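Any read-out appearing in this document is the output of simple, stated calculations on the displayed coordinates, not a laboratory observation. The structure presented is a predicted model; accordingly, all values stated were derived computationally and were not measured. Backbone-built Cβ (ideal geometry, glycine too); neighbour counts: all protein chains shown.
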Amino acid sequence: GTVVDATLKQPVPGVNVIVDGTTNGTTTDFDGNYTLSGVNQGSKITFSYLGFRTQTIPFTGQGTLNVTLTEDASELDAVVVVGYGTTTKKDLTGSVALIGEDDFNKGNNVTAENLLNGRVAGLTVNTGGSPGSNSEIRIRGGASLNASNDPLIVIDGLPVSNVANGTRSIISSINPADIESFSVLKDASAAAIYGNRGANGVIIITTKKGKQGLKVSFDSQASVSRLTDKIDVFNAAEFRSLVTERFPDRVDLLGNANTDWQDAIYRDAFSSQHNLSVSGALADNLPARLSVGYADQEGLRKTSSFERTTTSLSLNPRFFEGNLKIDFNANLNFERNQFAPGIEGNALQFNPTQPIYDPNSQYGGFYEYTGANGLILGNVPRNPVAQLMQTQDIASVRRYYGNFKVDYKLPFYEPLRAVVNLGLDESTSDRFYEVDRNSALGTNAEEGETLGQRSDTDFKSSNRLFDAYLVHTKAFGDFNTEVTAGYSYQIFENENFTTNNVRDPNSAPPENTISPDVVLLAYFARGNFNYQSKYFLSASIRRDGTSRFGPDERFGYFPAVSGAWQISDEDFLKDSETLSALKLRLGYGITGQQDISSQYDYLSRYGLGDSRSQYLFGDQYYTIGQPFFRNAGIKWEEITEYNAGIDYGFFNGKLSGSLDFFRKESNDLLSSAPVPDGVNFSNQGFQNIGKFTTQGVEFVIDYNVVSNDNFNWNVNYNTTYIDREINKLAFGQDILTQGISGGTGNTIQVQREGFAPNSFFVYRQLYDTAGAPIEGAYVDVNNDGILNDEDKYIAGNGRADVTMGFQSTMNYKDWDFSFNLRASFGNDIYNNVNSGNAQYGNVFRTVLNNVPTQVLETNFVNTPDVILSDYYLEDADFLRMDNITLGYTFDADKMGKGTLRLWGGVQNVFVITDYSGLDPEITNNGVDNTIFPRGRTFLFGLNYGF
Amino acid sequence: CESDLDVTPEDDDELLADGFFENEGAYKQALAGVYANLSLTSINDPGGSNIAGLDAGTGQYIRGLFNLQNLSTDEVIWTYENDPGLRGMQRNTWSSDNPLILGVFARASYEIALANEFLRQTTTEALSGRGESEELKATIQTYRAEARVLRALANYHLLDMFGKAPSVTENDAVGFDQVPELVGVDLFNFIESELLAALPDLIAARQNEYARVDQGVANMLLAKLYLNAEVYTGTARYADCITVCETLIGSGYSLTPNYLFNFMADNNTNGAQNEIIFPISNDGTNTQNYGGTTIIIQGEVGVPENNGESLGVNATGFGGLFRVRPEFSRLFTSNPLYRNDSRNTLITADRTEEINNVGNTAEGYIITKFSNRTSTGGFGSDRTFTDTDYPLFRYADVLLMYAEATLRGGGGSTAQALGYINELRERAFGNTSGNITQSQLTLDFILDERSRELYWESHRRQDLIRFGVYSGSSYLWSYKGGPQTGTAIPQFRELFPIPNQSLSSNANLTQNAGY
């Protein structure tokens, strides 16, 4: 028979064709043809291929059995890529979410992670406002207190490093249009196959492959983004009144201009993205895909931009009737980033009665505050527009990544496959930073020198992977087995060179820094078993070693076991129309975390000082040598996770979803913890002390409201509840975290046993009878008559308890309409913009400074008295509409050839919140100290394909 | 392939210990590392720190010393009380969570750890094992004595401020051992014995390289120890103090003719090097940090005066960090005589003497004692980081100690004591107009005179305690204990609390009474 796909009626090569319950099977050739012999009457033949719905057809003696596969990734039969192999959604025992192309978010998705923002229960993506911005990605809240909480990202089997140099983020250089699917391994039973890197979950990205049959697609979109809101500060007229009233002896410092400094630093930002891909068979029998993409995004903040050119080539030949599969993926991507300095703080503060430009200014024609000597003053804000215009900070990144995978089914022993995957990820980045010579920001500008600043930085990083594993698949009657065992070796190298500021005569000289290699080496094995496809058991173990730890601690075992029971296949439910699917899943696993900032503490190392850190003996400066902190026993964090879930479906899948309960215990937390004084080379260092627990519930429901020839409407909702508690810290000691602005070295959060991480640690504000806060008056919590550090208390925390996502997708005839919403509840934000600025005492500091109008509510004068008040904690709950899109498709009949879809949409449509600041969705663990604002974006695009 | 997991550092600035000591000059580099901790906060970045729990610059050795010894007294006030720990420090309401106190305890302990590591790496066995020459071994013997004095110095600071220290020497392992504490008289005896043991191996006073420890430094430490022995141990040692002071006086030190030369960018060469017994080196190009004289000079700059340029830094400095409290300024303003005192560097114009609002930079007088200008009017090598070395110990203090110990009945000659005091006064006034008489030479006078001579040199708290007026209500200064009028503080605050973090990580440390 022949296998073709439903949409294009083109042959599909490489389709697995297997007689159920046997090892009798084959794969389709380049023309989609297959031959199968020795099939018994009444057997069932299953056709499966990644990205298509699996079909099972009873064999009734047909001579030819032609099959049409429907493209679909979201169905139960969809193939799910897991670590070192694939499975189907139906066979899953762990908590794994699969997001295929059809499920991707629509709209303005410049970076890959935004394709799945809000789509997966337990996965949060918080993307900043800068162009091509990096995102804070968390799976089930992360597992670590002080080490990384970033999930492991694996591209076509290649785990990538989380070191992003010069680039906006580790995945910003990937073209989202090249991605076929994401697998999100959420619980430890799924992630444990990645051992000491699985602690924060794993996101596996699978890129598009070549297929038989010519297919061309062209996508193009253009957008404009506008500022939605500004921080409320006094306008020029209001500011004049304020100064006249409260600082009558300073009115001479008022200017005559009317400047809105926030308007002056932002712009309407234009962006576009274009992608062209061609897939088909070269020379008739070499499936290949080539894609070229270009994205150009401006930031709202003037001068900031992101430009990306991507090329991707995929070759997927199959030999020996599909027994030898070769996949070759190569990507060469270029990124050009212009970074704009963070000038929001200066824009808030800068006197609105002063002009942007001053024709008499020696500082490039920009107004700056000068002193009696005509030179710029220190300790005053600099003109934020000048900062933007006089700074060039541009990084050019070239990144090559790809893999070469050979999957060979041994001819002499059919059940056995051997897989070898070689991966490479290399990037070089060249970043230069220059401040104009006539800028007030230049080196020694206060002394009247016109040096500007200049530095060049080169980054080089490489990541090489060798994986080899064997897969043994065999059925014993109704008992199906698949056993995988293998070896993995990966090495990461990083090097950077910086000239430092070459215009500063006292700066450090050029410096080349080579990081020690990180070598990761592992042996792993997994067995998947099922009986009658009803009772599933999966068990895996990985022995993982890392060069980050000493010989006695570097190897660890990471086991996992999980099981599932397809209850709906039992006789008592088999025929139920109402409850069409029901599966119970239970999982347990141990994962690790070895990614800590402080590497190689187990070695006895000495560091040599640089040129700024010498010491004088006599008349000669000596380079100093000092020993580094040592911890011979340092090892990985260990996370034990339990997961219980059910997958359900009603009315033949019209209503479906899942419910998961999980509990994660993070042990041996790598924490920078106190060290007994005098016995080591710091008072704190990374140690395996501490424990914390995360518990949560995830709920997903998907409902096909209407489904007929003309009208389809699907809605999908997911919600996650997460509860975190620190159980144990080093020596029971509080750890103060999360620096804030205002003062030097202030912190606003604490890690304390019995409380959630990122708990705010503040003074309890006292109010007068009228309900107004009394400046500097707090509750003497411990009642000792002295107000000091011991009177701070814990008030709320910066991480949401509940997050939700909602999507609606509608198709009516040739029209499509979709939108999605996200919500977040239960966390607080510390409004550092107000706490650090909104006091009258800040209006005059050497020069006049603007302050937020919030000062009118408090009448506070001194920042020092109020900065740690719980008055500045605000409710951060929000509901946001991320995107709304309307499209129209001109179908093939009308077009002659191919299809054309035109669409328009709005990104960041609205936010409903009580938060008084700019945006309640911030990173920084709940401390808002000005952000790169997110604009509202209007988009128009077209998709053309044949 | 598992051997691939044994990686080694590849960077030229990071070496395994054995590899490091194979390099030529490594021992002197390691010794420089022990000294450098008195000035630097990290090995490569003035904004970085090798101790944690507070801002890098705030955790610098001298800045910590200044905060505890000066800021907690009548000599100075810090404008920005939103900097963590500052309010508690200057209003004497600190708790055991105060980061400034943590910084001092950690930084001094780190000095002990560095000295111990140096001693551990330079044992006879270690040197022989590396095949070092006899000549180098002899040189290293001196280095080792210097490291012992630096370790004694850190222990002395812990004794003075905390009354105790972790008992740790080169014989303890590097790691996480909870070592015992050494308290009061035991710590005193340890420091004394270490200094006495190191003396024979040290180079004679003023004969070593500039900024390195010599016998003068060891003797100076002994003198300070003996002067305060009654506070530390309950047993007075004034006679011993006088003996050591006499040794120092006979060691060839001399007062530099211009008092202010001691505090200038070229104080390593302008003659002040004859007076400064132990300088902590600072340099705008080569030894950059946000503590030491950098914070002092930048902090002296007044707002609205913007007088930074006259002090060799940028006009606005660090925005008016420091003012002096009125009780200190009255040491100079209450008697017109002191208008002619070259030690009087107060700027009073358009300023109030009283400070009604700590955050108001225009209230309270400012001073210009420390400067990044040179004796010839030039500038230091950088306008942010200063070149001025911090005079941790000065010869002037030896003369004051001699006089005080004599008045306290330690022996010596009162006539000689008066002569020494008038030597200081003549230097200060440029003539004999400020000279005092024998009857004026009282302990009360000494306390005031020490402040006039040594203000902002990290002596004040120790002096006030020795004179019995730090705690209690016999002497109230502005913001003592909290309110502007000052209030009594309990005696237990004569010692700082052991930081909670240090207590928790070492169960053998005990908290000081009262905390």
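Hydrophobic, long helices, defined as DSSP H runs whose alpha-carbon span along the helix axis is 30 Å or greater and whose mean Kyte-Doolittle value is at least 0.5, occur in chain B at B:99-121.
About the centre of its Cα atoms, the range B:282-388 shows a dipole size close to 180 debye [charges on the beta carbon of Lys, Arg (+1) and Asp, Glu (-1) only; nearest 20 debye]. The label-point distance for A:Glu790 and A:Glu511, in a model that sets each label 7 Å from Cα toward Cβ, rounds to 4.2 nm.
Less than 5 angstrom separates the built amide H of B:Ile280 from those of B:Tyr390, B:Leu392, all sequence-distant by 5 or more or on a different chain. Close lysine pairs were tallied over the range A:199-346: pairs 8 or more places apart or on different chains with Cα atoms under 21 Å apart number 4.
Could you give the length gained on full extension between A:Asp456 and A:Ile701, defined as 0.36 nm per residue of separation minus the Cα-Cα distance, in nm? Walk me through the numbers before you get to the answer.
On the way: separation 245, 0.36 × 245 = 88.20 nm, distance 5.14 nm.
Separation in residues times 0.36 nm, less the Cα-Cα distance, equals 83.1 nm.
Legend: distances between Cα atoms for B:Lys28/B:Lys164; A:Lys534/A:Lys654; A:Lys583/A:Lys654; A:Lys792/B:Lys164; pairs beyond 24 Å are B:Lys28/B:Lys164; A:Lys792/B:Lys164.
Backbone phi angles across the range A:225-235, fed through the Karplus curve with coefficients 6.51, -1.76 and 1.60 (θ = phi - 60°), yield HN-Hα couplings of 10, 10, 5, 9, 7, 10, 6, 6, 10, 5, 7 Hz in residue order; Gly and Pro are listed as x. The distance between label points at A:Arg246 and A:Lys474 comes to 8.2 nm (points 7 Å beyond Cα on the Cα→Cβ vector).
Charges only on Cβ, +1 for Lys and Arg, -1 for Asp and Glu: so what's the dipole of the protein assembly as shown about the Cα centre, in debye to the nearest 20? Don't skip to the end; give the middle numbers.
Working: 110 positive and 176 negative charges, 307 e Å.
Using only the charged Cβ atoms, the result is roughly 1480 debye.
Model label points for B:Ala362 and B:Arg339, set 7 angstrom from Cα along the Cα-to-Cβ axis, are 2.5 nm apart. For chain B, the extents of the C-alpha atoms along the principal axes are 79, 50, 49 Å, listed from largest to smallest.
Given R₀ = 56 Å, FRET efficiency for A:Leu579-A:Val292 by Cβ-Cβ distance, to 0.05?
On the way: r = 48 Å, r/R0 = 0.86.
Efficiency, from the Cβ-Cβ distance: 0.70.
Full extension of the chain between A:Leu886 and A:Ala632 yields a length gain of 85.5 nm, computed as 0.36 nm times the residue separation minus the alpha carbon distance. Note on B:Leu196 and A:Arg543: with the Förster distance fixed at 45 Å, the Cβ-Cβ geometry gives a FRET efficiency of about 0.20. Within the shell of other residues whose beta carbon sits under 11 angstrom from the beta carbon of B:Arg148, the net charge comes to -2, with Lys and Arg scored +1 and Asp and Glu -1.
Taking the Cβ of B:Gly291 as the centre, find all other residues whose Cβ is under 12 Å away and add up their charges (Lys, Arg: +1; Asp, Glu: -1).
On the way: positive: B:Arg63, B:Arg107; negative: B:Asp55.
Residues near B:Gly291 contribute +1 overall.
Taking a point 7 Å from the Cα of A:Glu449 along the Cα-to-Cβ direction, the residues of the range B:272-311 with backbone N closer than 20 Å to it are B:282-290, B:294-295, B:298, B:308-311.
Return the FRET efficiency for the residue pair B:Asp6, A:Val278: r is the Cβ-Cβ distance, R0 is 45 Å, and the value is rounded to the nearest 0.05.
Numbers: r = 48 Å, r/R0 = 1.06.
Calculated transfer efficiency: 0.40.
Here the range A:524-565 is treated with +1 on each Lys and Arg Cβ and -1 on each Asp and Glu Cβ, and its dipole about the Cα centre works out to around 160 debye. Taking the C-alpha atoms only, the angle from helix A:236-246 to the longest principal axis of chain A is near 50 degrees. Neighbours of B:Gly359 by Cβ distance under 14 Å: Lys/Arg scored +1, Asp/Glu scored -1, total -1. Please identify which residues in the range A:921-944 have an amide N closer than 19 Å to a label point set 7 Å out from the Cα of A:Phe270, following the Cα→Cβ vector. Answer for this model: A:935-942.
When a footprinting reagent is the concern and you count Cβ atoms within 10 Å, what order do B:Leu102, B:Leu202 take, fewest first? Can you show the working numbers first?
Values: B:Leu102 29, B:Leu202 23.
Ascending Cβ contact count within 10 Å gives the list B:Leu202, B:Leu102.
Within the same chain, aspartates and glutamates fewer than 8 places from B:Lys480 are excluded, and of the rest, those with a Cα less than 15 Å from its Cα are B:Asp74, B:Glu75, B:Glu81, B:Glu327, B:Glu354, B:Glu494.
Could you give the Stokes-Einstein D for the range A:1-72 in µm² per second, using the C-alpha Kirkwood radius, 37 °C, 0.692 mPa s?
Details: Rh = 12.0 Å.
Here the translational diffusion coefficient equals 274 µm²/s.
Taken over the range B:282-388, the convex hull of the Cα atoms encloses 96 Å³ per residue.
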